[in-house]
Amino acid sequence: MTMAFKERSSTESPLDTALSQLRRAIEQLRLSESDWNTLSTPRRILEVAVPLRRDDGRVEMYKGYRVQYSTTRGPSKGGVRFHQNIDLDETVALAMLMTWKCALANLPYGGAKGGVAVDPAKLSLAENERLTRRYTSEILPIIGPERDIPAPDVGTDERNMAWMMDTYSVNAGFSVPGVVTGKPIVLGGSLGRTSATGDGVAILVREALKLKGIDPKGATVAIQGFGKVGYWAAIALEQMGLKVVAVSDASGGATGFDSVADLKKHVQESGNLSSVPGTDSLTNTELLHLGVDVLVPAALSDAITEATAPGIKAKIVVEGANAPTTPAGDAIMNDKGLFVIPDILANCGGVIVSYFEWVQDKQNYFWSAKEVKDNLNSILMRAIAEVSDKAKGEHLTWREAANMVGVARVAQAHHLRGLYP
């Protein structure tokens, strides 16, 4: 049986990109065509209709998805997106990337992803809650602390996770905090989870600079994206002594500011970065082409393409977003000799601390913020060492090395478990 999603030779979508990277890893690992068929096929796909009663009484229908790409190494794990442009192909791609990401960090998880094709900015708070709870009830049969553990992603936050946890718990008849991660602290959330992905990106930036012989103190960084990843990465980088010189969001970008915290205050008040007093504005593409030490694409997918990659002047690119680079863009950066830290390594801090939260919920014993940060740093440093050693030993890019480490672990688990019946 061949995979449900066709492999394409020319790739510009997240699914095509993910399949292209998987095919390359399978070839380099000398795995079989049977392995390709197994590893390129999601285990379970659920598409649901999500009705929403609007505040004015109208009922609207939205499409929702939950993809459990793999459960071979443990329950599947992945975020829930509320974004108007999500579709099934993107959700499958992100679930696939989560699978390799969890394996690369050596977490006992498979990969998943889900979401609803809706613009959350157009929902009232009450509508957002009703949509979240109805989506949760639709995917209820396939999630659970031992099956599939959702988390926040683009367009969702700890408030959505609280509603998801409550909906699941009401149906279970008792409180089940471990069904989701990224929850509020008072509901079993973990210290350090909110900033975890950004903290992880900052650690990768720091280590990448050291590997390139650049002193992190005073090194310049441009960050595309100012949400849960970009903002916290900027905060962590400033605390490390780096200089964040430009950031952007969907409205555009800003440069010439004193601190990231000041920008955040303006965004909270005005809703965008396009007109911050005392700063110079720039487009998202212009930000990609700044002459900085490090570029961090931390927004949505397909930011670095055949069109945008030639103008990149940064020495290092650390992928804070999921699938921000197309294969054509990646090839151009490789030809330019840029040091690229791939997404499945660069942004795995979030799922690592989600794992810590899940463990704490199962034990009903919670860690200090220092314990969380120390353990996050420990796991990331181990993953960095594994990828670095493989890249050096086999003359690979870090993307190739990271994908090979993650894919090999999942393939080995498949081989050891066997095929039933």
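What follows draws every value from the coordinates through simple rules; no lab data is involved. Fair warning: this is a prediction, and the values are worked out from it, not measured in the lab. Methodologically, a virtual Cβ is constructed for each residue, glycine included, from the backbone with ideal geometry; neighbour enumeration extends over all protein chains shown.
Between the stretch 344-399 and the stretch 85-143, the alpha-carbon centres lie 21 Å apart.
Our helix-only sum for the chain, with -39,500 (n - 2.57) per DSSP H run of n ≥ 4 divided by its residues, gives a mean residue ellipticity at 222 nm of -14000 deg cm²/dmol. Note that the stretch 414-419 has calculated 3J(HN,Hα) couplings of 4, 4, 6, 6, x, 10 Hz, one per residue in order, obtained from phi through the Karplus relation 6.51 cos²θ - 1.76 cosθ + 1.60 (θ = phi - 60°); glycine and proline are x.
For the stretch 235-353, give the share of DSSP beta bridges that are antiparallel, in percent and rounded to the nearest 5; count only bridges with both residues there. Walk me through the intermediate numbers first.
Details: 7 of 13 bridges.
Antiparallel bridges make up about 55 percent of those DSSP assigns within the stretch 235-353.
Scanning residues 5 or more positions from residue 299 or on other chains, those with amide H under 5 Å from its amide H are 321, with H placed 1.01 Å from N in the peptide plane. Distances between placed amide hydrogens fall under 5 Å for residue 77 paired with 110, 111, 112, 149, all partners being 5 or more residues away or on another chain. Distance from the Cα centroid of the stretch 162-184 to that of the stretch 44-79 is 16 Å (rounded to whole angstrom).
Relative contact order of the stretch 196-346: 22 percent, from C-alpha pairs under 8 Å at least 6 residues apart in sequence.
For the stretch 196-346, the orientation-averaged shadow of the C-alpha convex hull comes to 7.7 nm² (one quarter of the hull surface).
Across the stretch 278-291, rounded Karplus estimates of 3J(HN,Hα) from the backbone phi angles (6.51 cos²θ - 1.76 cosθ + 1.60, θ = phi - 60°) give x, 10, 9, 8, 7, 7, 4, 5, 4, 4, 4, 9, 6, x Hz, Gly and Pro being marked x.
At a Förster distance of 35 Å, what's the computed FRET efficiency of residue 385 paired with residue 33, Cβ-Cβ distance as r, to 0.05? Numbers along the way, then the final one.
Details: r = 32 Å, r/R0 = 0.91.
Taking R0 as 35 Å, the efficiency between residue 385 and residue 33 is 0.65.
Note on residue 251 and residue 377: their simple-model spin labels are 3.6 nm apart, each label 7 Å out from Cα toward Cβ. In a reduced charge model with +1 at each Lys and Arg Cβ and -1 at each Asp and Glu Cβ, the chain shows a dipole moment near 880 debye about its Cα centre. Our compactness index for the stretch 95-203, the C-alpha radius of gyration over the empirical 2.2 N^0.38 Å, is 1.08.
Just to verify a number: FRET efficiency for residue 146 and residue 261, C-beta to C-beta distance, R0 = 51 Å, to 0.05?
Working: r = 40 Å, r/R0 = 0.79.
Given R0 = 51 Å and the Cβ-Cβ separation, E is 0.80.
By DSSP, the beta bridges lying fully in the chain are antiparallel in about 50 percent of cases.
Can you put 366, 257, 82 in order of Cβ neighbours within 10 angstrom, beginning with the fewest? Please report the intermediate quantities before stating the final value.
Numbers: 366 16, 257 20, 82 26.
Lowest count first: 366, 257, 82.
Phi angles across the stretch 335-343 convert, under the Karplus curve 6.51 cos²θ - 1.76 cosθ + 1.60 with θ = phi - 60°, into 3J(HN,Hα) values of 5, 7, x, 6, 8, 10, 9, x, 4 Hz, Gly and Pro given as x.
Placing R0 at 25 angstrom, the Cβ-Cβ distance between residue 272 and residue 63 gives a FRET efficiency of 0.35 after rounding to 0.05.
Computed packing ranks the peptides 21-34, 296-309 as 296-309, 21-34, most packed first, by mean other Cβ atoms within 10 Å.
Roughly speaking, what % of Cα-Cα pairs in the chain are separated by over 37 Å, rounded to a whole number?
On the way: 16402 of 88410 pairs.
More than 37 Å apart: 19 percent of the Cα pairs in the chain.
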